[in-house]
Each structure stands twice: as C-alpha cells, then as structure tokens.
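Presented below is the structure to which this report refers.
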Amino acid sequence: MGNGKSIAGDQRAVPTQATHVWYRTFMTEYPSGLQTLHEFKTLLGLQGLNQKANKHIDQVYNTFDMNQDGFIDFLEFIAAVNLIVQEKMEQKLKWYFKLYDVDGNGSIDKNELLDMFVAVQALNGQQTLSPEELTNLVFRKIDINNDGELTLEEFINGIAKDQDLLEIVYKSFNLSNVLRVICNGKQPDTEIDSSKSPDKAGLGKVKMKSL
C-alpha cells in the first residue's frame, strides 16, 4: 500500500498521495470542510429509510463523528477510510462494538443487539434468521459468563473465532461498500476486492496501486 502517516491510532493509513486526492475531493464536495448527517446519507444513497434503518445509519455516522460535534470533518473522514482499509480485524471489531453499544456504557445488552438486528433487517431486507434468533445465537455463543451483557473482550474474542458470527456482524454495516461509494469516480487508481467474504484479515480488503 505504500507509505502513509497513521491518522487513526495504530491502523494502517491510506497512502499520503491518495489522502491528497481525497482531500481535494472532500473539499470540493463539502466546501465548509464538514459533512453533515444528511450529506452522509446522500453520499451512500440512503434517503427515505424507515425509522429503524434510519436510526442505524445515524449511529454509524455518530461513531465516525469522533468529537461528537455533529459533523464529519476531513480527519474523521480519513480515519473512517483508514478503518476500512487497515488489515487488523480487531480494530474493525472494536468499531462494530462501539456501533452496537448505543448507550456507550461499555457493554452490549440483548436489547441493544436486538434493536441493531431489527434495524439491519429494515435496511437490508429479510434475513434467514429473525432478529430475535440472531440475538439469541450471538449471546449463546459468546456470552461467556451468561450475564446477559457482552463486554468488549467477549465480543472480540467470540466473533473473531466464529466465521458465521463474523458474517453476521459484517452484514450489519458493510464497510467495504462505504469505501466503494467514496472511491467511485473519485479515486481511479483504487481497486476494491469484493469477491471474497470477510476473513481473519478484515471485513473487506482494499488494494491501492502506486500513484
């Protein structure tokens, strides 16, 4: 992927030259330097959602809005891209945990996970299992102490070891699709490999050519 300066913790950063291209595009699209929630939904073509699906996308936006000022600035935008590009599955699962932990108390209870799966079904259509069945499946497999709550450790360790659960988590918000939208027509030297299911390297990979 070339050399790049890390912006989002220990994640692998987007190459510096690619960052410059995205900066120009970002500032062209959002001259104020800030992307609103409405603009985020427009970018992804997610208007006219029902209440459950809409709430899910709002939560996704809030996890990218790291300083919680109600906007996504360019550094937050690149941090989100880095999250998608970088290869460490643990970092992606930490993001998903934050996405599911709606009240931010450091654990996921059954109601939070159920609400998330209901929203995902509203967004993606009917699934093989109902939201209730999915919720019970996740807790049965990874709630080690059976207290009805998932800690970050339980979540990461449990999901990472179970390909079926990894697929379920992946489908709750497909990060590779986000990057595909961001790159489409804006970064011609970026290729997205969407032919493979998420594996231990991450939930969707991106290969960048040298610029």
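Among the residues of the stretch 88-95, is any surrounded by fewer than 19 Cβ atoms within 10 Å (Cβ to Cβ), at pLDDT 80 or above and over 30 Å from Ala18 (Cα atoms)? Checking the stretch 88-95: not a single residue is surrounded by fewer than 19 Cβ atoms within 10 Å (Cβ to Cβ), at pLDDT 80 or above and over 30 Å from Ala18 (Cα atoms). For the condition within 13 Å of the chain's Cα centre (by Cα) and buried (at least 19 other Cβ atoms within 10 Å of the Cβ), Ala79 qualifies. Within the stretch 122-136, the residues that satisfy the criterion of being part of a helix (DSSP H, G or I), without any contact (Cβ under 8 Å) to a residue 40 or more places away in the chain and out of contact with any Lys or Arg (no Cβ under 7 Å at 6 or more places or on another chain) are Pro131, Glu132, Glu133, Leu134, Asn136. Any residue at all in the stretch 96-106 that is within 23 Å of Asn146 (Cα to Cα), touching a strand residue (DSSP E or B) at 6+ places or on another chain (Cβ under 6 Å), of a type in the set (Phe, Trp, Tyr) and in a helix (DSSP H, G or I)? Scanning the stretch 96-106, I find at least one residue that is within 23 Å of Asn146 (Cα to Cα), touching a strand residue (DSSP E or B) at 6+ places or on another chain (Cβ under 6 Å), of a type in the set (Phe, Trp, Tyr) and in a helix (DSSP H, G or I), so the answer is yes. Remark: pairs (first residue in the stretch 24-36, over 17 Å from Asp65 (Cβ atoms); second residue part of a loop (DSSP other than H, G, I, E, B) and not hydroxyl-bearing (Ser, Thr, Tyr); Cβ separation under 7 Å; 6+ apart in sequence or on different chains) = Thr25/Lys186; Met27/Gly33. Please go through the stretch 115-150 and give me each residue that is among the polar types (S, T, N, Q), under 21 Å from Asp103 (Cα atoms) and open to solvent by 60 Å² or more (accessible area, probe 1.4 Å), ordered by number. Once the filter is applied, which keeps residues that are among the polar types (S, T, N, Q), under 21 Å from Asp103 (Cα atoms) and open to solvent by 60 Å² or more (accessible area, probe 1.4 Å), the stretch 115-150 yields Asn136, Asn146.
The set of residues from the stretch 137-180 being among the acidic types (Asp, Glu) and not in a helix (DSSP H, G or I) comprises Asp143, Asp147, Glu149, Asp162.
The values are calculated or read from the model by the stated rules, or taken from the named source; none is laboratory data. Here the structure is a predicted model, which means the values were calculated and not measured. Don't worry about glycine lacking a Cβ; one is built from the backbone with ideal geometry, like all the others, and counts go over all protein chains shown. Note: areas computed on protein heavy atoms with side chains; ligands, DNA, RNA excluded. Shrake-Rupley method; radii C 1.70, N 1.55, O 1.52, S 1.80 Å.
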